Each structure stands twice: as structure tokens, then as C-alpha cells.
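Structure first, commentary second.
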Amino acid sequence: MQIAAIQMVSGVSVQGNLQAAAALLTQAADQGAELALLPEYFCLMGQRDTDKLAIQERVGAGPIQDFLAAQAQALGLWIVGGTLPLSTAQPDKVYNSSLVFDPAGTCVARYDKIHLFHFDSGREAYDESRVLVPGTQAVAFDLPSRDGHSWRVGLSICYDLRFAELYRAYAAQGADLVLVPSAFTYTTGQAHWELLLRTRAVENLCFVAAAGQGGVHENGRRTWGQSLVVDPWGAVLAQRAQESGIVMADMDAARLAAVRKQLPALQHRVL
């Protein structure tokens with residue numbers, strides 16, 4: 001199955017970001033992708049954390065969700081919509097949510113980011129809990145590909161990558177592929193991004209695809225980029241360093257089965 005991990009440098013205009021995403025999704029479809037993954041905050045990298053509140057949508061209704069559904073249907077793509085802010089019971093907080101749309105434009109899965117990023121180096125500081133409510137459930141869905149293989153796909157977002165137990169839960173559910181839309185900071189990405197992604201692939205014998213924000217944004221933030229796809233043996237199949245573009249990779253179900261047969265580590269777990 002061909003997958004496209006889409007890298008962006010999203011700005012402060014939702015409409016501008018959606019236009020940029022549409023062009024990249026069209027490029028991915030033209031190159032044969034069945035599944036396209038947008039990055040975290042693809043729709044907005046605002047001037048301040050609270051800008052998310054102004055564009056929040058109720059689940060099932062809103063221009064960002066309408067955009068994703070229309071693109072999936074028009075292009076015949078499975079689209080994982082990076083993340084967008086969905087309303088909570090608290091007016092001053094939202095969920096950071098990843099929505100999955102099938103080629104008919106139907107939303108078939110929703111994952112709310114469980115682990116909220118907190119970082120303070122003395123020079124830069126982030127605390128997502130100021131405006132986000134954490135999710136509580138791991139979410140996986142089934143994607144029947146054109147070649148007849150049904151892929152079990154686990155959902156995660158950015159900072160989740162540091163919590164191995166989430167990905168172990170997906171392995172226990174039989175996940176073939178885990179997705180990681182992200183907006184890693186340049187500082188933490190440079191230190192740990194590829195290391196963590198390859199580790200999650202190797203320890204769970206699955207493909208991992210990560211779509212990142214990658215560049216200097218209008219709000220002054222610098223993100224790491226390095227969107228990539230990793231195979232179950234830890235090999236990087238494709239990668240993009242910085243700036244907007246797509247990372248195309250072919251995920252081979254036969255390769256997945258062969259690796260799991262050669263090294264049946266998932267069957268050897270005792271905890």
C-alpha cells in the first residue's frame with residue numbers, strides 16, 4: 001500500500017493552510033497514495049495557544065471537517081486529518097483530535113491526543129494543558145487496501161511517541177501500521193524524533209508513518225520536520241528534511257509477515 005506522509009509549514013490563516021493541504025493531498029493521490037497523513041495542527045499554527053479556541057468545531061460539523069471529507073471523496077483517498085481542535089464541555093479548552101476519513105468521505109475514526117506536551121528549557125517553554133483536554137482511549141481502525149490486505153492502523157499524536165505503552169497496546173490489537181502526525185519542536189526533534197520512531201517500529205514489528213510540521217512558521221516557532229516512514233525492521237523507507245512536501249513509501253504486507261515470522265518477538269512477551 002502506498003502511503004503519503006505530508007509535511008507542512010502551517011501558518012496563521014486557516015484558509016491558506018487548507019489550500020496548501022489540498023494541493024499536497026492532490027499530489028499524493030496523483031502519485032498513487034491510498035492513505036495520506038497530514039501533520040499535527042495542519043489547519044492552524046496560531047500566534048498563541050488560545051487561537052485554537054476560535055476555530056474549534058463540534059464533532060461532525062465544521063469547515064475543517066467538511067474540507068477533509070470533501071478531499072477524501074474527491075480524491076478517492078483515505079485521509080488522516082493530522083489534528084484539529086474539537087470542542088469539549090469546557091469553553092476554554094479543546095481536544096487535539098485526529099480524524100480518519102475513508103474514500104467515501106465518511107469519518108470512520110477519531111483519536112484525541114492522550115499525552116499533553118510540557119517542556120521548559122529555560123529558553124523555550126510549552127504547556128499544552130493550558131488549552132487542551134487529554135483523551136483517554138487508544139483508537140485503531142481497519143483499512144482494506146486495493147491489493148486485498150486489510151491493515152490494522154493505530155492512531156497517535158506527537159508527544160504520545162514518548163510513551164511506549166500506547167504503542168504496545170496497538171501491537172496487542174494486531175496493528176500493522178501506527179501513524180504519528182506531529183509538530184515536534186526543533187530542539188526535541190533533533191534529539192529524539194527519528195530515534196523514537198524507529199524504536200516504536202522495531203519493538204512492535206510494525207510500520208510507522210510520521211508527518212510533521214517542518215520549518216519556521218509565521219508565529220516564529222521552528223519545527224523539526226523530518227517526516228518519514230519506517231519499516232518493521234527499523235529501516236527508513238523515505239524521508240523529507242524540511243519545508244512542505246510529501247513523503248511517499250510502499251508498505252509491503254509480505255515484508256511485514258516475513259519479519260514477524262523471522263523474529264516472532266511479539267509472541268515472546270511475558271508482561
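Points to keep in mind about this one:
- Close pairs (6 angstrom Cβ cut-off, 6 or more residues apart or separate chains): among the polar types (S, T, N, Q) in region 162-174, surrounded by 12 or more Cβ atoms within 10 Å (Cβ to Cβ) anywhere: Gln173/Ala140
- Qualifying residues in region 140-191 (those that are of a type in the set (Val, Ile, Thr) and under 16 Å from Ala209 (Cβ atoms)) - the one surrounded by the most Cβ atoms within 10 Å (Cβ to Cβ): Val180
- Qualifying positions in region 38-73 - without any contact (Cβ under 8 Å) to a residue 24 or more places away in the chain, farther than 22 Å from Tyr126 by Cα and either among the aliphatic types (A, V, I, L, M) or in contact with a Phe, Trp or Tyr (Cβ under 6 Å, 6 or more places away or on another chain) (or both): Ala61
Matching residues to (1) touching a helix residue (DSSP H, G or I) at 6+ places or on another chain (Cβ under 9 Å); (2) farther than 14 Å from Ala201 by Cα; (3) of a type in the set (A, V, I, L, M):
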{"site": "Ser129", "(1), (2), (3)": "no, yes, no"}
{"site": "Leu132", "(1), (2), (3)": "yes, yes, yes"}
{"site": "Ala138", "(1), (2), (3)": "yes, yes, yes"}
{"site": "Phe141", "(1), (2), (3)": "no, yes, no"}
{"site": "Ser145", "(1), (2), (3)": "yes, yes, no"}
{"site": "Gly154", "(1), (2), (3)": "yes, no, no"}
{"site": "Ile157", "(1), (2), (3)": "no, yes, yes"}
{"site": "Arg162", "(1), (2), (3)": "yes, no, no"}
{"site": "Ala171", "(1), (2), (3)": "yes, no, yes"}
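- Which listed residue is closer than 24 Å to Ala265 by Cβ and in contact (Cβ under 8 Å) with a residue 24 or more places away in the chain, from Arg152, Arg130, Arg222: Arg152
- Of the candidates Leu75, Leu68, the single residue that is in contact with a helix residue (DSSP H, G or I) (Cβ under 8 Å, 6 or more places away or on another chain) and modelled with pLDDT of 95 or more is Leu75.
- Count of residues meeting criterion [in contact with a helix residue (DSSP H, G or I) (Cβ under 8 Å, 6 or more places away or on another chain) and on the phi > 0 side of the Ramachandran plot] in region 199-229: 3
- Taking region 157-271 as the region of interest, the helices (runs of 4 or more DSSP H) fully inside it that hold 2 or more residues being at pLDDT 95 or above and within 22 Å of Pro39 (Cα to Cα) are 164-172, 186-204.
- Residue in region 50-66 that is farther than 22 Å from Met8 by Cβ, surrounded by fewer than 16 Cβ atoms within 10 Å (Cβ to Cβ) and among the hydroxyl-bearing types (Ser, Thr, Tyr) present: no
- Qualifying residue in region 117-127 (condition: without any contact (Cβ under 8 Å) to a residue 40 or more places away in the chain, of a type in the set (A, V, I, L, M), assigned to a strand (DSSP E or B) and touching a helix residue (DSSP H, G or I) at 6+ places or on another chain (Cβ under 9 Å)): no
- Members of region 170-212 that are in contact with a strand residue (DSSP E or B) (Cβ under 8 Å, 6 or more places away or on another chain), closer than 20 Å to Phe141 by Cβ and small (Gly, Ala, Ser): Gly174, Ala175, Ser182, Ala201, Ala209, Ala210, Ala211
- Some residue of region 104-115 being surrounded by 13 or more Cβ atoms within 10 Å (Cβ to Cβ), touching a residue at least 60 places away in the same chain (Cβ under 8 Å) and under 25 Å from Glu194 (Cβ atoms): no
- Annotation: of all residues in region 93-138 being within 16 Å of the chain's Cα centre (by Cα) and of a type in the set (D, E, K, R), the one that is nearest to Leu68 (Cα to Cα) is Asp102.
- Per-region count, region 13-70, residues within 20 Å of Leu116 (Cα to Cα) and β-branched (Val, Ile, Thr): 2
The values are calculated or read from the model by the stated rules, or taken from the named source; none is laboratory data. From a predicted model like this one, the values you see are computed outputs, not experimental measurements. Glycine gets a Cβ as well: all are built from the backbone with ideal geometry, and neighbour counts include every protein chain shown.
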